[in-house]
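Notes to accompany the following structure.
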Amino acid sequence: PTAYPTTAPPTTTSPTTLPLTVSPTDPPTLPQIESENNEQAEAHLPNSVDDDDGAPESSSGGVTGSTPEGNTMHGGLYNSFQTAPLSQGVGTHYASVWIGTPTPQRSTVIVDTGSHFTAFPCTPCIDCGEIYHTDNYFDTSLSVSYEEVSCADHCSGKCVNNHCQFSQSYSEGSSWIATLSRDHFFCSSEAKPLPQDKEYSISFRFGCQTHLTGLFNKQLADGIMGMSAHETTLPHQLNIKGKLEHDMFSMCFSRGLSHSKEGVSAGIMALGGADTRHHTSPMVYARNMKASGWYTVFVKNIYLRHDDVLRSTSAETPKNLRDYTLTLVSADVGRMNSGKGVIVDSGTTDTYLHSSLRSSFAKAWKEATGNEWSKNKAVTMTEDEVAELPTIMIQLEAFDSKSSDMMDPNEVVGFAGSDLSRDSPRDVLLAVSPQHYMEYDPQSEQYTNRIYFTESSGGVLGANAMMGHDILFDWENKRVGFAESQCDYSSVDEAIEVGVGNSDVDEHNSLDCELGVPSIKSSCLDNVKFSDCVDPDADLHATIDSVEVWTMIIENSGSTGGLSCEEVAINNTVSIPDQSVFCQADGTCTKIDPCKATCKDVLGGSPAIPIVTPNVKTNSSSTGGETDDYCGDNMWGSCQFSCEQSKIVAKLMSDGLCHETESISRDCHIDECGRSDPCRVPFVVHSIIAFSGAKARLWDKKYETIFADSFALSVNSNKESFGDQLIAPGDVKVLSATDWYANTNIRWKPKEPDGMQVVVEVSIFNSNAKLPEIEGLEEESDISLADAANFTPSWKDRVNDIVHEVEDVFHGMKGPPLATCNVSDVYSLAKTASDVHVELGRNGFMKSLLDNIQNKIPAVNTPFSPVFLSREHIGESKVLSSWTIKTEVEMFSENAPLRMFTKENFLRNWKAFTTAATFLFAICYCGVCCGTCCTRLKMRKVHRALKASKTMIDNMKTKMKNSERMSEKGRGKYAKVNLNGEIPEMDDDISGDECTTEFHDHPQNDGDLELPDVNTRMKRLSSEETE
């Protein structure tokens, strides 16, 4: 099966680790980049101007545009994000946020896509629900960075005693009043703020609540965090302040059967993207109907899917839907999507649909189940009886109904398919299972249906409709994504703890660069010229200037908000004057430390020899305990923008240090290589593989290399020559290795897992993609020992200046430059992605994979060892699912002709554009002139006809009034009086619907009430009566 683009694991790009290799004896020239390549229009958001954190602006990819060699593509994997747990509240889900310095204080806030303000109680709020909430009030006196926003500083509320105050009201009746404030703010775990999450801290505006009413007093969460498409929300502020690459976030809700102040885990939130490690189906996208405000989808149809045997909670592929019975709920599509539209609102507990659906839904329910619709009454049912109820299938308009992604929508979970929607098979099918719309009350042991048909316009898909899905709220690309998931944060947390990419949970997803164990490339004595010491006149005790050269692999390049690889290398070692660090395109960093030696040391020193057991521990991501593990052998570094990755083969010597024996590089197409460039990596194959009996707790980073090599061998096993191979080991990225449970439909997890689940993504690389040539970034020779020996501080300064200026170039370009490519290249690579799927579905694939793994690992004490001890385990191991992700986001695919109107095309063909515009203007001018003349002639004729008709009608009215006075002198009844105080000529009733006034929420001003213009409506009615 294949699908639309989704996201990958949290690997981030750093402009500090550059595609630049320098030579000490011949420093490269500084990059010269034309100014037009750096220009990108930025929208001015007056209210988003907050505080200057010193952070760079958002970098959401390189410069886009077209070139003679092809076009750049918009999109990417959107795999740079911050993951945080969500907890179960009273009918809502909440996140833990940490505010203030030096010691952050926790507050819990409802995550609400239906509003945009963030607020929680602060001291000295009186009677603000502290006994019900999870935390004490935020104590502003304990934070040295707290400040109130003055009335002159972009105050969007009202000024009261020089305090900027604002308020918010909600549809269920709650409200609050707060003072606009500012402090350091970030999301993290419940128990304590994690170090890697602190790196996402920004100075953020929020409301310090001083007065609460309604549910805000007695709810479990302290406050609320608005997440709508608005410039004041946290995801948007993180984006514009450079902490997140993309303006989007995802939420995945599960349902906890209880709640407490200690917190009950009930979901996952990812800021900046979506975490595909916990997805069980591909991400499919619906169109966001509003440019800002609420995330609004367009509902086309509603179905009831029922089958007493299958009982699946998944939307299933369109092909598999043929095994079910679908009952269509008759609906007026216009009324169902009227007014504000149908919004996806995480802050609303239940789902509310248009009232016109009530009778048709009840009819479809009777037809599907044979029973009457119980509406919203509590009923006593067993779990099996609930599972037998129909699944509600909601069809949403596709983000791109005519995509050229070369994918078959009938094979994708979550697509409507051609059977249900012949004209738009890529419409999204959102499956709301009975376990989610039937709410269980543990006290009464009864279930209540929480689907309501009460809305007079539009509708609300609340938290119960969102459950079981990871939903991507993508403001950047104007879409809403849906991927099925168990929404179990422990699956992501366990993936961190078992060491996928990093064995230290506190360093996972860090913005800082992460380096491997340093290895000595050449020691201080190695770099002393031997000829200087063999001279008979040489002073054996005189000191000689030398250098010591260290090398490290880059395990994670970090991001713009963290420390660069050079800074990390210097911080992790003893500071030495005149030391220098620079990183290269192959993913290695070299550190050169000045040192001193004597000829006596050179002539009499004994060389270091290899030892078997390390005598010190390391902070590397390796397991430790073996010499090779300690020194980082067999650990490939992260894949760089240059599409290279390296590993350093080193041995632990008698001096207690790792000495490099070999440095190996290979091509790779994961991580930074193409992660934000669809031209370089247009497709990614996502696969979930279960190993029965395997032990995830034994997984370590070194098994990533073993698995990637074995996986590539198995996929290519039917290819005879090297040139025919579909993928290489450098194309394989292990996202997670976690416990696997075979039965996912049960409410509680078994104590022991059934095995291990490995989630892997394979990049399909476009070798024909062309990167723009940037002068000064061409690759030079690597550093040699001779170069290091001639190292001088003056040259060191030159190298540092070059590195910093190249960093500035990439900052100005909003990230590395995008490649260009042709559509024909992408089409051929779609076939490659399809071939990888064929191999994954081959009967002998799992046996081949297990054989290849067995040949590369010891017999015992590995994650895979239990698998090979049982034929049953081997037989039960399988590929659970796989799909293809297309990384391009075709923003204008339904308006393809608009693509020609780019800045580059206009500059290249300005004469043609000017001629065409002049010709069209002339035609329009002539048309307007001719039309005006003709209209005047017609209006004169109409005016004469109306004047004659009016005279005739006046004569008739005079005759009728005289007749009525003579015949009805004695009738005394009240008559209707119109707005002008006159008795209308016609006594037609005005329908109650026409006189009804309704309140509407305004998407740009949550909480305010908008009253329709009644005078305008009544004037219209009056004019209709007069006519």
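So, counting K/R as plus one and D/E as minus one, what does the shell of residues with Cβ under 13 Å around residue 267 add up to?
Working: positive: 255; negative: 190, 275, 470, 488, 493.
Local charge sum for residue 267: -4.
For residue 105, what is the net charge nearby, where nearby means another residue's Cβ is under 13 Å from its Cβ and Lys, Arg count +1, Asp, Glu -1?
Values: positive: 106, 192; negative: 135, 139, 183, 222.
Spelling it out: positives minus negatives among the neighbours equals -2.
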Note to self: Taking amide H atoms as placed 1.01 Å from N in the peptide plane, list the residues 5 or more away in sequence, or in a different chain, whose amide H sits under 5 Å from that of residue 86.
What the structure shows: 266, 267, 268, 269
Next item on the list: Collect residues whose amide H, placed 1.01 Å from N in the peptide plane, falls under 5 Å from the amide H of residue 479; neighbours closer than 5 in sequence don't count.
Entry: 288, 474
Note to self: Filter 521/856; 719/831; 319/733; 647/733; 702/733 down to the pairs with a C-alpha to C-alpha distance above 18 Å, please.
What the structure shows: 521/856; 319/733
Next item on the list: Write out the GluC sites (Glu not before Pro) in segment 171-248 meeting two conditions: DSSP loop, and at most 12 other Cβ atoms within 10 Å of their Cβ.
Entry: 172
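With a 10 Å radius around each residue's Cβ, average the other Cβ atoms per peptide and rank 657-668, 173-184, 440-451, highest first.
Numbers: 657-668: 17.8, 173-184: 19.8, 440-451: 14.5.
Order by mean packing, descending: 173-184, 657-668, 440-451.
I need the shape label for segment 361-497. Rule: rounded when a/c is under 1.5, else prolate if a/b > b/c, else oblate, with a, b, c from the alpha carbon gyration tensor.
Details: a/c = 1.96, a/b = 1.33, b/c = 1.47.
Oblate, since a/c reaches 1.5 and b/c is not below a/b.
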Next item on the list: Of the DSSP beta bridges with both residues in segment 93-245, give the percent that are antiparallel, rounding to the nearest 5.
Entry: 80
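Report the local net charge at residue 767: Lys and Arg +1, Asp and Glu -1, summed over other residues whose C-beta lies under 11 Å from its C-beta.
On the way: positive: 680, 770; negative: 667, 825.
Within the 11 Å Cβ shell, the charges total 0.
Read-outs: derived from the displayed coordinates by stated rules, not from any lab. Quick caveat: nothing in here was measured; it's all calculated off a predicted structure. We place every Cβ from the backbone using ideal geometry, glycine too, and count neighbours over all the protein chains shown.
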